[in-house]
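The values are calculated or read from the model by the stated rules, or taken from the named source; none is laboratory data. Keep in mind that what you see is a predicted model, and the values were worked out from it rather than measured. Ideal geometry is used to build each Cβ from the backbone, glycine not excepted, and the neighbour counts take in all protein chains shown.
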Amino acid sequence: MSADREKGIADGRFRFIFGVPFLIRLSRGSDSRACARIGGSPATRSVRPAPGWECIEPMKFALFGDIHANLEALQTVLADARARQCTHFVCLGDLVGYNANPVECLDLVRDLGCPVVKGNHDEEASEDTDLEGLNPLAEAALLWTRAQLDEQRKDWLRDLKMIRQVRDFTIVHATLDSPDSWAYVMNKFDAMASFSYQFTQLCFYGHTHAPKIYLKDDSVYSVDRTGISVKPGTKYFINCGSVGQPRDGDWRAAYATYDVVGKRIEIHRLEYDIDTAQNKIIEAGLPEMLATRLALGK
Ligand SMILES: [Fe+2]
């Protein structure tokens, strides 16, 4: 342990969070831009704060899912997350299905090395199960997707976990109460079932392709907001929306950010090159309706 670090611990300037020392700003206000982690790689090594400042490392998650092989939307989301200085990525599943770039999207997410949970389309695309019962659009896209993915990529999808804990929050694609039955959380009663299995304050999920924030304190209810501050004593179940096939009437790509230091969650919507995504669907021979619905946001 360096002398600087020992001194920082001794005089209370450093605080250990999950075993990692952080500089802490003791005076009023906050400005994570002035903060830096102690130690670490050269890229993240500490710089001393200005006099009068103590710091906490900026830690901001980008949470995204239901990409559904829409490369243009995914690239736009990742670029926006980086521009917002997100430090970590988390994927909520359904990397493939519906759109025309399953291989590229899978490789892009896999190369991030971030936590990923399995979605129902990831499961269907990586197994040889009967697709009977699915809607015809999903079935056609999954059969096409299976033909695009090699065994190594199918193995990677097959090995994804249903539920993961990341730092102090949980991620799941569909529901916590029955994650592999692929039920939808459509109302507060569905959310109540998930909350009963939620052992962290925050849980992020997807599957419905529509952003939503459910809260549980004395009761369970939802709020229609694009951002919310995390308060003690309340649990949050947050749908981050869909990157590649939104179904809430808004065609723009959706994802969420979670600022750990500022205790703030925001849901973002982004325009992307939808024309290219639609043209690729047509050129791939996928059903034309898959291209049409992208522009409708449903
Ligand atoms: Fe999905």
Within the stretch 178-189, is even one residue within 21 Å of Glu123 (Cα to Cα) and more than 16 Å from the ligand (Cβ to nearest atom)? yes
Just the residues that are within 16 Å of the ligand (Cβ to nearest atom) and either part of a strand (DSSP E or B) or in contact (Cβ under 8 Å) with a residue 40 or more places away in the chain (or both), please, taken from the stretch 190-219. Phe204, Tyr205, Gly206, His207, His209, Pro211, Lys212
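Here's the yes/no breakdown for (1) touching a Leu at 6+ places or on another chain (Cβ under 8 Å); (2) assigned to a helix (DSSP H, G or I); (3) modelled with pLDDT of 50 or more:
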| residue | (1), (2), (3) |
| --- | --- |
| Met1 | no, no, no |
| Lys7 | no, yes, no |
| Leu26 | no, no, no |
| Arg45 | no, no, no |
| Ile56 | yes, no, yes |
| Ala62 | yes, no, yes |
| Ala81 | no, yes, yes |
| Leu95 | yes, no, yes |
Could you please find all residues in the stretch 276-298 being loosely packed, with under 13 Cβ neighbours inside 10 Å and small (Gly, Ala, Ser)? Gly285, Ala295
Given the structure, is Cys105 within 16 Å of the ligand (Cβ to nearest atom), buried (at least 18 other Cβ atoms within 10 Å of the Cβ) and not in a strand (DSSP E or B)? yes
Select from the stretch 127-155 the residues that are among the β-branched types (Val, Ile, Thr) and in contact (Cβ under 8 Å) with a residue 12 or more places away in the chain and list them in ascending order. Thr145
Please determine whether any residue of the stretch 219-237 is among the aliphatic types (A, V, I, L, M), within 20 Å of Ala183 (Cα to Cα) and crowded, with 21+ Cβ neighbours inside 10 Å. no
Kindly establish whether Gln148 is over 23 Å from the mean Cα position of the chain (by Cα) and buried (at least 16 other Cβ atoms within 10 Å of the Cβ). yes
Going through the stretch 79-102 one residue at a time, which ones are touching a strand residue (DSSP E or B) at 6+ places or on another chain (Cβ under 6 Å), more than 14 Å from the ligand (Cβ to nearest atom) and among the small types (Gly, Ala, Ser)? Ala81
